[in-house]
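These notes are about the structure you will find just below.
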Amino acid sequence: MSATVDTSVLAVGLFVRSAYQADGLSSKLGREREAVEAALREPWSNGQVEGHVSRLKFLKRQMHGRVSFKLLRQRVLKAA
């Protein structure tokens with residue numbers, strides 16, 4: 001995301017919306033205000049790590065109950 005986002009405007013919007021919708025997404029984001037502001041402010045992301053985790057979970061689910069750990073390990077290393 002762009003570093004030029006005005007986080008105070010976002011924060012105000014989240015808190016106003018949470019006043020009308022107490023159990024929705026906005027209230028959850030309001031409780032995590034610092035994390036939301038940091039996500040908008042910082043230039044880095046953990047998307048690449050999440051992609052690798054998803055790929056490994058997919059391979060593990062695909063191989064579940066079929067083979068030994070040794071073959072699963074070989075498949076994971078081959079897929080990388």
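A few comments on the model shown:
- Extension gain, residue 68 back to residue 53 (0.36 nm per residue minus Cα-Cα distance, nm): 3.4 nm
- Given their separation in residues at 0.36 nm each and the Cα-Cα distance between them, residue 78 and residue 42 gain 9.6 nm when the chain is fully extended.
- Within the shell of other residues whose beta carbon sits under 13 angstrom from the beta carbon of residue 54, the net charge comes to +3, with Lys and Arg scored +1 and Asp and Glu -1.
Bear in mind these aren't lab numbers, they're just calculated from the coordinates by the rules spelled out. What you are looking at is a predicted structure, and each value in this text was computed from that prediction instead of being measured. With ideal geometry, Cβ positions are generated from the backbone for all residues, glycine too; neighbour counts draw on all protein chains shown.
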